[in-house]
Amino acid sequence: MKIRVVNGPNLALLGKREPGIYGNETLDDIMAAVGRRGAALGVSVETFQSDIEGELVRYIGQSRGQAEGLLLNAGAYTHTSIAIRDAIAACGLPCVEVHLSNVHTREEFRHHSYLSSVCVGVVLGFGGYSYQVALDALVWHVRERLHK
Ligand code: DQA
């Protein structure tokens, strides 16, 4: 099984960016931990990051047939992007929305997600560990619900 992990704008700055909110781990640290978790689960993990909405739309839209599921932290596009929402729906793959921070304890503009309603589920608030929880849940979903 292959899972694609997609990261949106400003996430390449993790480690330096607002560490009080996002922690000290870099995106590379977090992706390496997700890769190790994937290996333990017997799945391969492919990662992608872009600050550009259209590149995220294209990568997600082209994921059909390339992977069995998506983990997506769309960063601020979570709260603005109908195009990313449509790409998730169009690719037909199960997607888990991920956030490092608990967006519901933050500014009100972060409380709404355009993506959640086309995702299987959402994991947020556990820093970089959110991705590992999300990977476990996505692999469970694909194995237990879709392949039964
Ligand atoms: C984020 C939360 C978003 O509101 C914010 O714009 C981000 C990061 C998170 O992982 O907590 O860039 O997606």
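The values are calculated or read from the model by the stated rules, or taken from the named source; none is laboratory data. Computed from a predicted structure; not experimentally measured. In this analysis, Cβ positions are derived from the backbone assuming ideal geometry, glycine residues included, and neighbour counts consider all displayed protein chains. Surface accessibility is based on the protein's heavy atoms, side chains included, excluding ligands, DNA and RNA. Shrake-Rupley method; radii C 1.70, N 1.55, O 1.52, S 1.80 Å.
Worth a mention:
- CD proxy at 222 nm, helix term only [per DSSP H run n ≥ 4: -39500 (n - 2.57); per residue of the chain; nearest 500]: -10000 deg cm²/dmol
- Area accessible to solvent at Thr80, 1.4 Å probe radius, in Å²: 90 Å²
- Shape category assigned to segment 101-148 from the gyration tensor of Cα positions, a/c cut at 1.5: oblate
- Candidates Glu55, Glu25, Glu108, ranked by Gaussian network fluctuation over the chain, Cα under 10 Å, top entry: Glu108
- Scanning residues 5 or more positions from Glu46 or on other chains, those with amide H under 5 Å from its amide H are Ile3, Arg4, Val5, with H placed 1.01 Å from N in the peptide plane.
- Å² of accessible area per residue within segment 18-112, as computed with a 1.4 Å probe and no ligands counted: 49 Å²
- With the alpha-carbon atoms of the chain aligned to their principal axes, the span from lowest to highest coordinate is 41, 32, 25 Å, starting with the largest.
- As a fraction of the 1.4 Å probe accessible area of the chain, surface on carbon and sulfur atoms comes out at 51 percent.
- Charge dipole (debye, nearest 20) of segment 2-146; +1 at Cβ of Lys and Arg, -1 at Cβ of Asp and Glu: 280 debye
- FRET efficiency for Val133 and Glu107, using Cβ-Cβ distance with R0 set to 25 Å, rounded to 0.05: 0.55
- Taking other residues whose beta carbon is less than 11 angstrom from the beta carbon of Ser116, and scoring Lys, Arg as +1 and Asp, Glu as -1, yields 0.
- Other residues whose C-beta falls under 13 angstrom from the C-beta of Arg17 contribute a net charge of -2, scoring Lys and Arg +1 and Asp and Glu -1.
- Length-normalised contact order of the chain in % [C-alpha pairs under 8 Å, at least 6 apart]: 26 percent
- The chain: DSSP helices with Cα axial extent of at least 15 Å and average Kyte-Doolittle hydropathy no lower than 0.5: 27-41, 129-140
- Computed from backbone phi with θ = phi - 60° and the Karplus coefficients 6.51, -1.76 and 1.60, the 3J(HN,Hα) list for segment 13-26 is 8, 4, x, 10, 7, 5, x, x, 9, 9, x, 9, 6, 7 Hz; x is used for glycine and proline.
- Segment Thr80-Ser44, extension gain: residue separation times 0.36 nm, minus the distance between their alpha carbons: 9.9 nm
- Full-extension gain in nm, Val118 to Leu13, via 0.36 nm per residue minus C-alpha separation: 35.1 nm
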